[in-house]
Amino acid sequence: MYPTLTGETVAYILEHSESKMLFVGKLDKKPWEEMKTGVPGALGKVSFPMKPDGDWGETWDSIIEKTEPIKEMVERTPDEIATIIYTSGTSDAVFLIIIFCSWFLPRALDVNSKPIS
């Protein structure tokens, strides 16, 4: 999420996306004070270095330290969702963009052989 969002928009995005975890990194105090009003208290939180002050439960470094590395690559199918993006348009409303693996897979496979288009 970008740092100009209101607490109301943050709440909408987190609810609409059915988010289970919030990863927070570098944010200045002013935007975070507004944004955090939209973060549900029960939502899991993980902090990266340079996070805003506050109680963040677990840090990214502690998760990496106690987690075994992935041993095998997970194969994805073209119809799986790769990522979702919320963006603003010309109005105040946010828009959802869904990107499927079918868009990413051919580009990822070619990343070492030619520029991504």
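Every number here is computed from the coordinates shown, using simple stated rules; none is lab data. Fair warning: this is a prediction, and the values are worked out from it, not measured in the lab. Note: ideal-geometry Cβ built from the backbone for every residue, glycine included; neighbour counts use all protein chains shown.
Quick notes
- Length-normalised contact order for the stretch 28-102 - Cα pairs under 8 Å, 6+ apart - percent: 20 percent
- Label zone at TYR12 (point 7 Å along Cα-to-Cβ), backbone N below 18 Å, the stretch 29-51: 34-40
- Relative contact order of the stretch 1-67, pairs being alpha-carbon contacts under 8 Å that are 6 or more residues apart, as %: 34 percent
- With both labels modelled 7 Å from their Cα along Cα-to-Cβ, the THR83 to TRP103 distance reads 1.0 nm.
- The chain, helix-only ellipticity at 222 nm - DSSP H runs n ≥ 4, -39,500 (n - 2.57), divided by all residues, nearest 500: -7500 deg cm²/dmol
- Scaling against 2.2 N^0.38 Å puts the C-alpha radius of gyration of the stretch 1-67 at 1.10.
- Low-density loop positions, trypsin sites (Lys or Arg not before Pro), the stretch 1-71 - DSSP coil, at most 12 other Cβ in 10 Å: LYS20, LYS26, LYS71
- Computed from Cα atoms, the angle from the helix 7-16 axis to the main principal axis of the chain rounds to 40 degrees.
- Segment GLU72-LYS36, extension gain: residue separation times 0.36 nm, minus the distance between their alpha carbons: 9.3 nm
- Shown here is the pair-distance distribution of the chain: with all Cα-Cα distances grouped in 10 Å bins from zero up to the longest one, the shares run 11, 31, 33, 23, 2 percent.
- Spin-label model distance (nm) - ASP55 vs TYR2, 7 Å beyond Cα toward Cβ: 3.3 nm
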